[in-house]
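Only one structure is covered here, and it is reproduced in the block below.
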Amino acid sequence: MAQHAAQSPRARTDDTRSERAASAGETVISVDGLTKQYGSDEAGVRAVDGVSFEIERGTIVGLLGPNGAGKTSTIKSMLGLIVPDAGTVSICGVDVDSDPARAHGHVGAMLEGDRNVYWRLTVRENLEYFAGLGGERPSKVRERHDELLERLGLLEWADTPVNELSKGMKQKVSLASTLARDVDVIFLDEPTLGLDVEASQDLHEELRRLAEQEDITIVLTSHNLDIIEAVSDRVIILNDGTVIADDDTTELVDLFETQSYRFVIEGTLSEALETRLRDAFEITCEQDGSQTAIECIGADSETLYGLMDQFQDAGVELADIASVDPDLEDVFLRVIDDGLGVRSNGDRRYETRDRRRTVSARTRLGRAP
């Protein structure tokens, strides 16, 4: 079963509550020099290699990376589920390694998997159980639980055993159980798994509400980059165990914004025309049913008209032409594929295989360099 990180079953202490008040407006999560290697010989794998970053209260951060990038090891180290070889993690000023119970008092987590909650218990019993792990009495949090269940569309099924619910509803119960007690930070791994479009949109709104109205810090991982782009304030991208990009979500997308055009033609391109286009322009071609879509990246007006001349000379009629704006998926693929590195402290320098560029950026308060 994926774990809901929790402190020992006793009431949250006054010290923990004071830590929360003291950390308002300050750094809530601090990761410094985190390193984790599996295996000690030459065949060993360094899954996390000197990862450092800080996250402020009330911020939603998307933690991204391809498979094997070190995301899971980083998150498990932050939750105290594995012990790193080097580096430190603190949550609300509490060192996770030296005082895990106190650190867990600030944290809720929903990790990927089908069994985040107890299926034989009802929806409400799950919330009461996980609240109890944090030392909160069910009678004192019932009103809060009812409000939470209503926001997530679960109130009607509050007394229904979880095993009678659909997969999407079970996912909602997992999220509700993560929020069943008073926490400062929540970790969510693939939270939209099994949710339909409407339920996903409801989740987007709930995550923004938690951050903006309750000052909860959210660390979000997902292969669905739409939710990351829709709700996150900031994106951290890992690759080969290191941080290769760290910036505001909108600024990261804007950094890679280039004018691109998408041409659609009926049928397919001839091999000769496709070869000429690829030799002269940076394009991608994709067959879409009876049509072919040709996208040209980084096209200025001269390039645009040059492409149109090529189509005209070949007697190819355009069915459609449109400008294309980049999204987070485009940025993610370029960062990973081209080996870019992006930071938002001071100047951001990123490097591709064939070019270098420096872009001035707003320095984030409290961001690790």
- What does the convex hull of the Cα atoms come to per residue for the stretch 198-285, in Å³? 177
- Task: Find the accessible area per residue for the stretch 105-151; the probe is 1.4 Å, ligands and nucleic acids are left out, and the unit is Å².
- Result: 51
- Item | Cα gyration tensor shape of the stretch 98-180, rounded if a/c is under 1.5, else prolate or oblate by comparing a/b with b/c | oblate
- Query: If you take the charge dipole of the stretch 65-116 about its Cα centre, with +1 on Lys and Arg Cβ and -1 on Asp and Glu Cβ, which of Ser90, Ser73, Met110 is farthest toward its positive end?
  - Reply: Met110
- Task: Quickly rank 220-229, 153-162 as a protection proxy: mean count of other C-beta atoms within 10 Å, highest first.
- Result: 220-229, 153-162
- Task: Considering only DSSP beta bridges where both residues belong to the stretch 159-245, give the percentage that are antiparallel (nearest 5).
- Result: 40
- Hey, for a label at Thr250 modelled as a point 7 Å past Cα toward Cβ, could you say which residues of the stretch 206-243 have their backbone N under 13 Å away? 230-234
- Dimensionless Rg/Rh of the stretch 30-146 - Kirkwood Rh, Rg from C-alpha atoms: 1.04
- Note on the structure: Taking protein heavy atoms only, a 1.4 Å probe, and rounding to whole percent, the accessible area of the stretch 75-230 owed to carbon and sulfur comes out at 46
- Query: In nanometres, what is the gap between the two model label sites at Glu282 and Ile321, each 7 Å from Cα along Cα-to-Cβ?
  - Reply: 2.0
- Message: Compute the distance from the alpha-carbon center of the stretch 24-76 to that of the stretch 120-167, in whole Å.
- Response: 31
- For the stretch 200-293, size of Cβ-based charge dipole, Lys and Arg +1, Asp and Glu -1, in debye: 340
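The values are calculated or read from the model by the stated rules, or taken from the named source; none is laboratory data. Being a predicted model, the structure only gives us computed values, none of them experimental. Cβ coordinates were reconstructed from backbone atoms using ideal geometry, including for glycine residues, and neighbour counts include every protein chain displayed. Heavy atoms of the whole protein, side chains included, go into the accessibility calculation; ligands, DNA and RNA do not. Shrake-Rupley method; radii C 1.70, N 1.55, O 1.52, S 1.80 Å.
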